[in-house]
Amino acid sequence: MAVWENLRQKMREATFTEVCVTVTGGREVTVENVTHVYECNEIMARVRSREGDVIIWGEELKMSSYRENFVRISGKISSVELVGKSGVKDD
């Protein structure tokens, strides 16, 4: 069984399906491998990846870039939450 899990993990890494979140200086967040944008307002942005939701909290948030599988949120970032598909926050 471990062989299949190893193979599955390697395939996931090779196809870049995992969500990648980068926070730059507390003023910008980029999220890669996005499948859907739910909303973006002045205090919260929420996007979906294959693994679950990414929720960005802050002030004066703006989505400055949205391309296939990629978003950039700028503003005063206060926190980033990763919520798995089961609805439970990942630590």
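For region 2-84, what does the equivalent ellipsoid look like in terms of its semi-axes, each the square root of 5 times an eigenvalue of the Cα gyration tensor, given largest first in whole Å?
After diagonalising the Cα gyration tensor, the semi-axes are 27, 12, 11 Å.
Starting from the amide H of Asn69, placed 1.01 Å from N in the peptide plane, find each other amide H under 5 Å away whose residue is 5 or more places distant or on another chain.
Those qualifying (amide H under 5 Å, at least 5 residues apart or on another chain) are Val34.
What ranking do Glu32, Glu5 get, fewest neighbouring Cβ atoms within 10 angstrom at the top?
Ascending number of Cβ neighbours within 10 Å: Glu5, Glu32.
Any read-out appearing in this document is the output of simple, stated calculations on the displayed coordinates, not a laboratory observation. Predicted model, so just to flag it, every value in this text is computed and none were measured. Ideal geometry is used to build each Cβ from the backbone, glycine not excepted, and the neighbour counts take in all protein chains shown.
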